[in-house]
1. Using a Förster distance of 22 angstrom, determine the FRET efficiency expected from the C-beta separation of Asp33 and Gln73, and round it to 0.05.
2. Starting from the 7 Å offset along Cα-to-Cβ, what nm value, one decimal, do you get for the label separation of Arg604 and Ala151?
3. How big is the dipole moment of the range 287-393 about its Cα centre under a simple scheme where the beta carbon of each Lys and Arg is +1, that of each Asp and Glu is -1, and everything else is neutral? Debye, nearest 20, please.
4. Could you compute the FRET efficiency for Ala413 and Asp129, with r as their C-beta to C-beta distance and R0 at 45 Å, rounded to 0.05?
5. Taking θ = phi - 60°, what integer Hz values does the Karplus form 6.51 cos²θ - 1.76 cosθ + 1.60 yield along the range 274-291, in sequence order, with x for Gly and Pro?
6. Once Rg and Dmax of the Cα atoms in Å is worked out from the coordinates, which option in (i) 24.3, 75; (ii) 26.4, 83; (iii) 28.8, 101 does it equal?
7. Report, in debye and to the nearest 20, how large the dipole of the range 106-181 comes out about its Cα centre when Lys and Arg carry +1 and Asp and Glu carry -1 on their Cβ.
8. Out of the DSSP beta bridges found with both residues in the chain, what percent are antiparallel (nearest 5)?
Amino acid sequence: MTIFIAIAMAVAAPAIHVQIAPDQPIPYVYVDDPVIVEFRASEAVSASVRAELSRSGAPSATIDLDVIRLRAQGVRWRTLDGVSSERGLYHARFTLDAGGQPFDVLTSFCRIDRPFNAPELPLTLRVADLSRRNLLAIQGVPLRHIRLDAASSELEEQTRLAVAAGLQVAVGVDAQTLSNPAAQAQDLAARMGPGVTRWEIDPTGAVEQLASLAAGLRQGNSRAPIVLTAYSTGDLSALLHAAAQYDVSGVMYRHPAPTASDLIAFRSAVEQAGYEGMPVSLLTKGRADGDPVQGPALVRQLLAYRAAGIVRTELEDTPLYDEETGFSDAYPYLSAMMHRFRNAAPIGELALSAGVRAPVFRLGDTWILALWNSADARDVVVPVGNAAELRLTDALNNPLPLPAVADAGVAVAAGPVPTYLSGRGGSVLRQAAAECVRAEAQTLLAIPSFTAALPPEMVSLLQNLSKSNSGRIEHAEFFALLGLFPYVEQQWHASRLARTTAAPALAGLTRLARALCVLEEEGGDSFIAPLKAIIANSSEAQSLYVTNSGGKPSSSRRGDWVLAVVSGLVGEAERLNDEGRTNEAKALATVAEWRARALDVAARAIPLTEPEPAVALAAPQPEASAKPKSATGQPQEKTVKKTESSSKKTVPQKRPARKTRR
């Protein structure tokens, strides 16, 4: 533990030890606990003590502790009455006077929330030295994922320590350092056993060794996911091709402080290689090289990355606690972000005013948005509608006064330090999803080779969505849009759409459909079929695919990839239904069903590791009617399974139309 020692300036004066939070291994104080100070002296002494505490953005407070009498080697605990209960990093100056010249002791401590035991935001900390106190600091945030280096001589001991503390451990492997990749990787996997939950391989300079390295990990009986690290978009195709047969689970983009454009370009490169929907992680400092760690800037970046679709962010060169200097500035901000957002899922972003960011997340039936402005703080109006249980906090999770709702909006100050606003109901989720619909429709329309392959009615539907204020469409149009999934899949594998067009289009359609599912819940309209019946339809297609496909699954096989996508959508639909979002769950299960309809086509696709045949573009057939139809030109009908008391029948039912809301 950190102990601060004050030595009087007078000759032969006793040494006085001062420690905040002596009941904790490191000096953090939970928000509802008193601040305790321990005094200890080398010999008997009486000293008057005055404490001055300060926190960034708050006035300092002075506390007079009167005279403290200590026996030789004795210990005295005192409570600092009057210390603010607000969260944050506090700096304390203790002035002691033992009858000679007064002297000061400088120390610090953090006020944070108690760690929670629930899923958290997907954040990993790259750790070089996992000491016991560093481990406690990590747990206090709380963070539950760390990354260790395979080259460390203490890898096995540190992994045992982390696993015993309940942490998930990723191990990074630099392929360039291995002289015999297959044998060394097999030995590493066998030694580490199930303690490793993720392998992060950096193949820089050794791409040709990637396949043997991945094979070695599997031969060492490790089934942990394999993630490849890439520094740019230029080498993605080669990396994915080299390791595809070993079921690579994702790619990690390494960049010190990427912009939104950087992330979009990287994701697009992955999709253009044919890996639609491949999870993209980020290895970053969250700041430019050479810049210091600053709490507000770090959480701004982390939330922006999450909103951009990054599935996991890994922080490197970001110290949280040092035994000599104490907590970093980022620690309380990181802790507050983890408590406020938990494992909230990104929904979209509100368009408020120039320079203002307002990404929206959802946690169960609660929405939460982060609000900031890179320039000077100014008030912006957040349209919340008739939202209930509004709660406004600063970036440290301290409550802020909530302005009155006026004209269905709340005026909130947006500045460089984020502000968090949460609530239930109202219009926030609807507006965020509608913004996402517009953005994804515009992205799809910006792919000329995709729109050229669509019937005019489908292009018109996308154009309407790209300009719609509400993002809502009729059920019939929703099903027509979903018909694009099997259509694009068929066109791709019939060599009428290039891989570089089809995979990005399918990824964009998935994001568009996902946002439309949110709007289905917010709109309140019900689907006719029960959730189990919708899921049963996709389950049947999944079962047929599994029965007919042979060999172990591979990320290079398109059918296996689509099967994993369908399974993920069904699982998410079931979770949404458990949370009470029935309409959204049914809509998402319907997306899964339409994706499953392409399994038979995807099963016949050539592996992504093989060269793509020449593409022969075919113009779409013109439509004879303006009525919404599928991409193949057929009227939309939906087959649902109805369970009756005497028998089960499959009855074709046309979806009832409803009015379009613009």
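1. The pair Asp33/Gln73 has a calculated efficiency of 0.20.
2. Output for this residue pair reads 5.0 nm.
3. 660 debye
4. The pair Ala413/Asp129 has a calculated efficiency of 0.65.
5. Here the 3J(HN,Hα) series is x, 9, 5, x, 5, x, 10, 9, 9, 9, 8, 8, x, 6, 5, 4, x, 7 Hz.
6. Label of the calculated value: (iii).
7. Dipole of the range 106-181, to the nearest 20 debye: 340 debye.
8. Beta bridges within the chain, antiparallel portion: roughly 70 percent.
Any read-out appearing in this document is the output of simple, stated calculations on the displayed coordinates, not a laboratory observation. These numbers come from a predicted model, not from an experiment. Positions of Cβ are generated from backbone atoms using ideal geometry, with glycine treated the same way; all protein chains shown enter the neighbour counts.
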